[in-house]
Amino acid sequence: MGCGISRENYAGKQRNEEIENQLKKDRITLRNEIKMLLLGAGESGKSTILKQMKLIHEGGYSIEERESFKEIIFSNTIQSMRVILEAMNALGILLGDMQNVCHMQVILDQPNQIEGEFLPQEIGDAIVCLWKDSGVQQCFQRSREYQLNDSAKYYFEAIDRIANPNYLPTDQDVLRSRVKTTGITETTFIIGDLVYRMFDVGGQRSERKKWIHCFENVTTIIFLVAISEYDQLLLEDETVNRMHEALTLFDSICNSRWFIKTSIILFLNKIDLFREKLPISPMKNYFPDYTGGDNYNAACDYILNRFVSLNQSDVKQIYTHFTCATDSTQIKFVMSAVNDIIVQTNLRDCGLL
């Protein structure tokens, strides 16, 4: 009888130890798992950052994966030229060379989604001729007045390569491709001892209600702002300035009860486009209290201060970086700095700092 009780006690104790060990492993795993949200308004560069993570930490894209981007790139290129041609009509801008009317019709006759292994030669030729047209160039310079993909110029200038029958998208081609994110996209990668689960959520207003499902146990938020869009209007509401929308959204995220203990890293993105635009589109026209003229550093400081000043917490620190999400070298450096911040935060939360 006594031996029976002893065996039961031993078995129970062993089971308790197994449970305790499993709980300990789970706690270690949870500490080593970094849950990171990519937040920001639509077209701020969130999906581009995810693509960079694949290039940096997963060995890049296979030939098959690159092939799968061809139709997206073809569609982005044609849609961008169609947007310009339609804007020319709305803005009353004529073609500089009326012989390009036939090329214009080629583009306007194309479906929204291009399917096929290569871009038809007549489409490539049409884009080459139209991009050289003075009317198209004039309309392109006024692109803040309508909704044009950021990658338009890049693809137009690469059209000879893209229209080649043997075309295979490069890293840069893939990074600049644009598909609207709907719902939540998760990417997992490993850096050192840490497992990162990075979530890209749709930035358009209609998508934001889905963010709530990602909020539990978030380690870090990377909030992206396209600072080049200071003079543009929202795609979904053309009465609202994109930068004002980003400020409102950042305010709600930074000061949310969900994120009291969450590190926030602010990426002020698209600095390359911002630098190009500043001399020709005065920021004071959209932010009357700005006094720095077309000075790039003054404009960057102004935008940085506008965002950081929204933080209402005395203890929450906002880590900031000026970024160009399509610049792989820079993003690799910035993400290394982000990793250092996360490791330090993790050690502190575990009581090891």
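Give the number of residues within the range 257-306 that are loosely packed, with under 13 Cβ neighbours inside 10 Å and more than 30 Å from Gln138 (Cβ to Cβ).
Selection size over the range 257-306: 8.
Is there a residue in the range 180-200 that is of a type in the set (Phe, Trp, Tyr), part of a loop (DSSP other than H, G, I, E, B) and in contact with a helix residue (DSSP H, G or I) (Cβ under 9 Å, 6 or more places away or on another chain)?
Quick first cut of the range 180-200, residues of a type in the set (Phe, Trp, Tyr) only: 189, 196, 199.
Okay, now just the ones that are also part of a loop (DSSP other than H, G, I, E, B), so none.
Among the residues of the range 180-200, not one is of a type in the set (Phe, Trp, Tyr), part of a loop (DSSP other than H, G, I, E, B) and in contact with a helix residue (DSSP H, G or I) (Cβ under 9 Å, 6 or more places away or on another chain), which makes the answer no.
Given the criterion surrounded by fewer than 16 Cβ atoms within 10 Å (Cβ to Cβ), at pLDDT 95 or above and in contact with a Ser or Thr (Cβ under 8 Å, 6 or more places away or on another chain), identify the matching residue among Asp97, Asp109, Asp125.
Numbers: Asp109 fails: in contact with a Ser or Thr (Cβ under 8 Å, 6 or more places away or on another chain); Asp125 fails: in contact with a Ser or Thr (Cβ under 8 Å, 6 or more places away or on another chain).
Going through Asp97, Asp109, Asp125 in turn, the sole match is Asp97.
Going through the range 307-331 one residue at a time, which ones are surrounded by fewer than 14 Cβ atoms within 10 Å (Cβ to Cβ) and in a helix (DSSP H, G or I)?
Thr329, the sole residue that qualifies.
Could you list, in sequence order, the residues of the range 243-256 that are in contact (Cβ under 8 Å) with a residue 60 or more places away in the chain, within 21 Å of Met283 (Cβ to Cβ) and surrounded by fewer than 23 Cβ atoms within 10 Å (Cβ to Cβ)?
Glu245, Leu247, Leu249
Within the range 219-233, can one find any residue that is crowded, with 21+ Cβ neighbours inside 10 Å, of a type in the set (Gly, Ala, Ser) and either over 22 Å from Val308 (Cα atoms) or at pLDDT 90 or above (or both)?
Within the range 219-233 (the criterion being crowded, with 21+ Cβ neighbours inside 10 Å, of a type in the set (Gly, Ala, Ser) and either over 22 Å from Val308 (Cα atoms) or at pLDDT 90 or above (or both)), the answer is yes, since at least one residue qualifies.
For Thr345, state whether it is within 21 Å of Ala226 (Cα to Cα), crowded, with 17+ Cβ neighbours inside 10 Å and in contact (Cβ under 8 Å) with a residue 60 or more places away in the chain.
No: the conditions fail for Thr345.
Among the listed residues Ile318, Ile331, Ile265, which satisfies the condition of being closer than 15 Å to Leu224 by Cβ, assigned by the TED database to the domain that holds Asn241, in contact (Cβ under 8 Å) with a residue 12 or more places away in the chain and touching a Phe, Trp or Tyr at 6+ places or on another chain (Cβ under 7 Å)?
After applying the criteria, what remains is Ile265.
The values are calculated or read from the model by the stated rules, or taken from the named source; none is laboratory data. Computed from a predicted model, the values in this text were never measured in an experiment. Note: ideal-geometry Cβ built from the backbone for every residue, glycine included; neighbour counts use all protein chains shown.
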